[in-house]
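Below: one structure, written as structure tokens.
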Amino acid sequence: MFDVLGWFRRDPEREIKQLNRDARAVVDSVFLGYPVDRARKVAVRTRAHIDEAHEKARNDAGRYGEVAAQYRTLNQDARQRGDQVAMSSLTLAIIYLGAEAHGPACAPARAAIDEFLGHWSHVGEGP
């Protein structure tokens, strides 16, 4: 018999591949498509979103989904406003939280985002 509900179940392997692929794609698009000042803003906001999520979830990866859901709503709002900096930073934070929840299999996603944030680590909490 055909498993209709299987269409709606999450496939962890597929999600891991998607997170690893999306992290690199978003980082590359920010590096290549944004002027330096906007890329810096994305990095600063991404770091703030990730730190906020860790604080809200008390560093419990099982609770990251709640924060990520809030970030998805904010991302939709940013998309409607055409706020590319907010969209990119929220997208990277969502990917990072998902990658943390999946553990070592998503090390490439976390590494891509950490590399991006590390590039801007000399930048303080600016606008």
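Neighbouring Cβ atoms within 10 Å as the yardstick, rank THR73, THR91 fewest first.
Arranged by neighbour count, lowest to highest, THR73, THR91 become THR73, THR91.
Which trypsin sites (Lys or Arg not before Pro) in segment 36-127 sit in a loop by DSSP (not H, G, I, E or B) and have at most 16 other Cβ atoms within 10 Å of their own Cβ?
Details: sites: ARG38, ARG40, LYS41, ARG45, ARG47, LYS56, ARG58, ARG63, ARG72, ARG79, ARG81, ARG110; in loops: ARG58.
Loop-located and lightly packed - ARG58.
Modelled label-to-label distance, ALA48 and ALA107, 7 Å Cα→beta-carbon offset: nm?
3.2 nm
Taking the Cβ of each residue in VAL30, VAL42, VAL36 as the centre, tally the other Cβ atoms inside 10 Å and list the residues starting with the fewest. Write out the running numbers ahead of the final one.
Working: VAL30 23, VAL42 26, VAL36 9.
By the 10 Å Cβ count, ascending: VAL36, VAL30, VAL42.
What does the helix-only formula give at 222 nm for the chain: each DSSP H stretch with n ≥ 4 adding -39500 (n - 2.57), the total divided by the residues, and the result rounded to the nearest 500 deg cm²/dmol? Intermediate results must be reported in sequence, preceding the final value.
On the way: 5 runs with 93 residues, N = 127.
One gets -25000 deg cm²/dmol as the mean residue ellipticity at 222 nm.
Over the chain, what is the relative contact order in percent, taking alpha-carbon pairs closer than 8 angstrom and at least six residues apart?
In percent, rounded to a whole number, it is 38.
How are the Cα pair distances of segment 1-110 distributed, in percent, across 5 Å bins from 0?
Percent of Cα pairs in each bin: 2, 13, 20, 23, 20, 12, 6, 3, 2, 1, 0, 0.
For an R0 of 30 angstrom, estimate the FRET efficiency from the Cβ-Cβ distance between ASP11 and LYS56 and round to the nearest 0.05.
About 0.65, to the nearest 0.05.
How much net charge surrounds TRP120 when only the other residues with a Cβ under 10 Å from the Cβ of TRP120 are counted, with Lys and Arg +1 and Asp and Glu -1?
+3
Would you kindly derive the ³J(HN,Hα) couplings of segment 107-119 from the backbone phi angles with the Karplus curve 6.51 cos²θ - 1.76 cosθ + 1.60 (θ = phi - 60°), listing them in order in whole Hz, with x for Gly and Pro?
Couplings: 4, x, 5, 5, 4, 4, 6, 4, 4, 4, 5, x, 4 Hz.
Taking the number of other C-beta atoms within 10 Å as the exposure measure, put LEU32, LEU74, LEU19 in order starting with the fewest. If you can, show how the numbers build up before the last one.
Working: LEU32 8, LEU74 17, LEU19 25.
So the ranking, lowest neighbour count to highest, is LEU32, LEU74, LEU19.
Where a number appears in this text, it was derived from the coordinates with a stated rule and is not lab data. Quick caveat: nothing in here was measured; it's all calculated off a predicted structure. For neighbour counting, all protein chains shown are included, and Cβ atoms are generated from backbone atoms with ideal geometry for every residue, glycine included.
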